[in-house]
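Note sheet for the following structure.
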Amino acid sequence: MLNRVILIGRLTKDPELRYSGQGTAVCTFTLAVGRKFKRDETDFIPIVTWQKLAEHCANYLKKGSQCAVEGRIQTRNYENQEGRKVYVTEVVAEDVRFLDSKGGGNKPEADTGDKWAHLVKDDEINLDGVKVVDSDDDDIPF
């Protein structure tokens, strides 16, 4: 069985960051995602992020920010104050990519769309102390 969803859209309002009773960060926001039918239509998808991802989303996203969300669909229900059962369908995000340009001011400078780009940049690789092995060397251990 498979439960995966990938969405690209824009936030309808600033994300809301809360903390659970155990201190776990939870961030929620709504993503407006366009679709083509007989005319252009928009779906408004509730997104939930947890822990460090929640804090990053709260810090770097804002109303109008464009992002890609990858996660799973979750349904849940609860009883509201009037005693009625309320059903909720939302996306629990496992990865969020900030898609706005660097000049947009709402994403980390190191983020280039590649989630590992901030770890190594070509112009920052330092090869000092690395032993270069010649392919004709008989000392290669394999």
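Quick check on this structure: which one of LYS13, LYS52 is on the phi < 0 side of the Ramachandran plot, surrounded by fewer than 16 Cβ atoms within 10 Å (Cβ to Cβ) and either outside any loop (DSSP other than H, G, I, E, B) or acidic (Asp, Glu) (or both)?
Values: LYS13 fails: either outside any loop (DSSP other than H, G, I, E, B) or acidic (Asp, Glu) (or both).
It is LYS52.
Can you name the number of the only condition in (1) outside any strand (DSSP E or B); (2) open to solvent by less than 60 Å² (accessible area, probe 1.4 Å); (3) without any contact (Cβ under 8 Å) to a residue 12 or more places away in the chain that ASP43 fails?
Result: ASP43 fails condition (1) only.
Which residue pairs have Cβ atoms closer than 6 Å, lie 6 or more positions apart in sequence or on different chains, and pair a first residue in region 67-93 that is among the polar types (S, T, N, Q) with a second residue that is in a strand (DSSP E or B) and surrounded by 12 or more Cβ atoms within 10 Å (Cβ to Cβ)?
GLN74/GLU90; GLN74/VAL92
Among (1) in contact with a Pro (Cβ under 7 Å, 6 or more places away or on another chain); (2) among the polar types (S, T, N, Q); (3) part of a loop (DSSP other than H, G, I, E, B), where does GLN81 come up short?
In the conditions (1) in contact with a Pro (Cβ under 7 Å, 6 or more places away or on another chain); (2) among the polar types (S, T, N, Q); (3) part of a loop (DSSP other than H, G, I, E, B), GLN81 misses (1) alone.
Inspect region 82-103 for any residue being more than 29 Å from LEU2 (Cα to Cα), modelled with pLDDT under 55 and surrounded by fewer than 10 Cβ atoms within 10 Å (Cβ to Cβ) and give the result as yes or no.
So in region 82-103, the residues more than 29 Å from LEU2 (Cα to Cα) come out as 82-84, 100-103.
Those left that are additionally modelled with pLDDT under 55: 103.
Still in the list and also surrounded by fewer than 10 Cβ atoms within 10 Å (Cβ to Cβ): 103.
Yes, the conditions are met somewhere in region 82-103.
Is there a residue being closer than 21 Å to VAL5 by Cβ and in contact with a helix residue (DSSP H, G or I) (Cβ under 9 Å, 6 or more places away or on another chain) anywhere in region 48-55?
The answer is yes; a qualifying residue exists.
Kindly provide the set of residues from region 63-78 that are assigned to a strand (DSSP E or B), open to solvent by 50 Å² or more (accessible area, probe 1.4 Å) and within 17 Å of ILE8 (Cβ to Cβ), ordered by number. If you could, list the steps in order and put the result at the bottom.
So in region 63-78, the residues assigned to a strand (DSSP E or B) come out as 66-78.
The next check asks that each one be open to solvent by 50 Å² or more (accessible area, probe 1.4 Å); those that pass are 66, 70, 72-78.
Across region 63-78, the qualifying residues are GLN66, GLU70, ARG72, ILE73.
I'd like the residue in region 17-33 that is in contact (Cβ under 8 Å) with a residue 24 or more places away in the chain and out of contact with any Asp or Glu (no Cβ under 6 Å at 6 or more places or on another chain) and, out of all such residues, is most open to solvent (accessible area, probe 1.4 Å).
The qualifying residue most open to solvent (accessible area, probe 1.4 Å) is LEU17.
The values are calculated or read from the model by the stated rules, or taken from the named source; none is laboratory data. Just so we're clear, the structure is a prediction, and the values are computed from it rather than from any experiment. Note that each Cβ is placed from the backbone with ideal geometry, even for glycine, and that neighbours are counted across all protein chains shown. Note: accessible area is taken over every heavy atom of the protein model, side chains too, but ligands, DNA and RNA are not part of it. Shrake-Rupley method; radii C 1.70, N 1.55, O 1.52, S 1.80 Å.
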